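Enquirer: Structure incoming, see below.
The values are calculated or read from the model by the stated rules, or taken from the named source; none is laboratory data. From a predicted model like this one, the values you see are computed outputs, not experimental measurements. Every residue, glycine among them, receives a Cβ derived from its backbone with ideal geometry; neighbour counts consider all protein chains shown. These accessible areas exclude ligands, DNA and RNA; they are computed on the full protein's heavy atoms, side chains included. Shrake-Rupley method; radii C 1.70, N 1.55, O 1.52, S 1.80 Å.
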Amino acid sequence: MTAEQKLLVSLQMSQTVRDLALAGVRERFPHAGLREQFLRLAIVTLGLELAQAAYPEIAALDSHVERSHP
């Protein structure tokens with residue numbers, strides 16, 4: 001496998017993981033709009049503290065903000 005092929009596979013796997021994480025957010029918060037889904041995905045991928053630093057509006061989400069992520 002060439003370096004280019006390895007890179008392509010890794011990018012595809014990364015996108016698949018992101019898609020699965022977003023599907024999980026949509027399942028847990030079925031009524032969330034696109035922006036809320038984005039913010040909740042940020043919590044999942046970045047952790048709450050970093051996500052809030054990057055997107056302060058996360059603090060305005062309802063009490064269902066998941067705080068268990070490292």
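Enquirer: Can you pull out every residue in region 15-27 that is without any contact (Cβ under 8 Å) to a residue 12 or more places away in the chain and either open to solvent by 80 Å² or more (accessible area, probe 1.4 Å) or within 21 Å of Tyr55 (Cβ to Cβ) (or both)? Full working, then the answer.
Expert: Filtering region 15-27 down to residues without any contact (Cβ under 8 Å) to a residue 12 or more places away in the chain leaves 15-17, 19-20, 23, 26-27.
Within region 15-27, Gln15, Val17, Asp19, Leu20, Ala23, Arg26, Glu27 qualify.
Enquirer: Out of (1) modelled with pLDDT under 95; (2) closer than 21 Å to Val17 by Cβ, what's the single condition that is false for Arg67?
Expert: Of everything listed in (1) modelled with pLDDT under 95; (2) closer than 21 Å to Val17 by Cβ, Arg67 misses just condition (2).
Enquirer: What number of residues within region 46-64 satisfy the criterion of being hydroxyl-bearing (Ser, Thr, Tyr) and modelled with pLDDT of 95 or more? Full working, then the answer.
Expert: Start the filter on region 46-64 by keeping residues that are hydroxyl-bearing (Ser, Thr, Tyr), which leaves 55, 63.
If we keep only those that are modelled with pLDDT of 95 or more as well, we get 55.
Summing the residues that are hydroxyl-bearing (Ser, Thr, Tyr) and modelled with pLDDT of 95 or more in region 46-64 gives 1.
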